[in-house]
Amino acid sequence: MSTIKLKTTIPGPKSEAILERRKASMPAGLGKLSNVVVEKSEGALIWDVDGNQLIDFAGGIGVLNAGHRPKEVVDAIKKQVDKSIHSCILVCTNEPAVELCEKLNEITPGVFPKKTLLANSGAEAVDNAVNIARYYTKRAGVIVFEGGYHGRSYLTMSMTSKYGLFKKGYGSMASDIYRLPAPNMYRPFEGMTEEQYLDHCIKQLDHAMISQISPEDIAAIVIEPVQGEGGFVPMPTAFLQKIRSICDANGIVMIADEIQSGFGRTGKMFAIEHATGVVPDMITMAKSMGSGMPISAITGKSEILDTPHPGAVGGTYGANPVASAAALATIDIINTPSFLNRANEIAQIMRIKMELWQTNNKFIGDVRGLGAMQVIEFVKDKTTKEPNPELTQAILVEALSKGLVVIRAGLFSNCIRLLVPFSITDEQLEDGMVVLQNAIDKIAK
């Protein structure tokens, strides 16, 4: 394969030495999904410190929709660094941050006056969104969903599902968080058709307004239009429409968490745009927003964002001019018909192959996703759908040994998620899919 060039095993000797230094200097709880030690990267390729050239199907967990080091973004960063790196938005205003907020107000869903608050991480964006919703509504309750992931801060960890991996050992969580079932159409209840199951999930929303919390005590409903860590589970349009109607009827703020699904990943700028008639009151963004620079945002109705008193929001690094310049350049790349169409082209190429694998492999229970946000779910038996995380991990290790960086997902850690940078060439995409197919076939045997 011309796009994968291996000079050593992975990890090679130089990588092993650095990994040992990492082990000695960084806490054991810091996850490590591969043994790749990056020296440089470009487009959809990574070179490690041993000179191995690999294909990246992980995209920094959804950060690199525009690819590694897009020239336009690198140029924008260099230009801004020559002017100013930091002055703190709480002290002085910088134009790149203002321009970025104007741009996000323009491109996010909803025809109403908007404002944007810039922050540094996805968790910080969700934290701020919930706090602002609470301030606006003068209520405390927050509804989230099983399988959802919202971050690792105290509040967002409390909102996040998947207890064993993210929350175990940390003690009590934040109060006033209510977790409801989310429809996973691959796993309807036994004896139910998909239609009956979806109808049941929708009815459970109304039931929760009685059994768990009264609507007048709910500040916000926070949902990922496509669950990320939960295994790329798209939320059905009817479910999102029901949430919107509950929010409208009860003065609740609907927050779309687009941190992983946003910025073109699903073939539209934001995944919520696939749901007819559903416009959130606030939307949280991060990851691919800045092509790797630490930046996030909360955009929403002006009347909501303007509620907190002066000084009630903000932080030292939020609205950093360098990160803002990177985000502006990234948006210019992504927010074009040709770029968004590329997401659908990549999705079609991957999906045709994945569905064929599903037909021929008894361990592939489901392939799903929206646009180029695709996942393969591995099971021990297609009838029982019992998760198979051991097989999944073995496939990841095998794929990496052959030069493909790919990572897992799913509530049961039994999914391989594909977050391919859209800068990938057809040849690189084909080579990566061959490696993945061979890894699946080898481990399945």
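What follows is calculated from the coordinates using simple rules that are stated; it is not laboratory data. Computed from a predicted structure; not experimentally measured. As a convention, Cβ positions derive from the backbone with ideal geometry for all residues, glycine included, and neighbour counts pool all protein chains shown.
Quick notes on this one:
- Whole-percent P(r), the range 72-334, all Cα pairs, 10 Å bins from 0: 7, 31, 36, 20, 6, 1, 0.
- Cα centroid separation, the range 154-195 to the range 367-421 (Å): 20
- Cβ-based charge dipole, the chain, positive-most Cα from 289, 207, 218: 289
- Dmax and Rg, reported as Rg then Dmax, of the range 149-221 (C-alpha, Å): 14.6, 39
- Cross-link check: pairs 32/71; 78/287; 78/103; 40/445; 14/402; 268/353 evaluated at a Cα-Cα cut-off of 24 Å; pairs beyond the cut-off: 32/71; 40/445.
- In terms of other Cβ atoms within 10 Å, 433, 282 run from fewest to most in the order 433, 282.
- Rounded, prolate or oblate (a/c below 1.5 giving rounded, otherwise prolate when a/b exceeds b/c) for the chain by Cα gyration tensor: oblate
- Residue 230 long-range amide H proximity, modeled H, under 5 Å: 149, 410
- Remark on residue 292: its backbone amide H falls under 5 Å from none of the residues 5 or more positions apart or on other chains, H modelled at 1.01 Å from N.
- 10 Å-binned pair-distance histogram of the range 1-159 (Cα, whole percent): 8, 22, 30, 26, 12, 2, 0
- When 368, 351, 152 are arranged by Cβ crowding within 10 Å, least crowded first, meaning fewest neighbours, the order is 152, 351, 368.
- Residue exposure proxy: 431, 176, ordered by other Cβ atoms within 10 angstrom of their Cβ from fewest to most, comes out as 176, 431.
- Estimated 222 nm signal from helices in the chain, with DSSP H stretches of n ≥ 4 weighted -39500 (n - 2.57), rounded to 500: -12000 deg cm²/dmol
- Working note: Karplus 6.51/-1.76/1.60 with θ = phi - 60° gives the range 307-323 the couplings 5, x, 5, x, x, 7, 10, x, x, 4, 9, x, 6, 4, x, 5, 5 Hz, where Gly and Pro are set to x.
- Residues with amide H under 5 Å from that of residue 364, placed H, sequence gap 5 or more: 379
- Per-residue HN-Hα couplings for the range 188-197 [Karplus 6.51, -1.76, 1.60; θ = phi - 60°; Hz; x = Gly/Pro]: x, 5, 4, x, 9, 6, 4, 5, 5, 5
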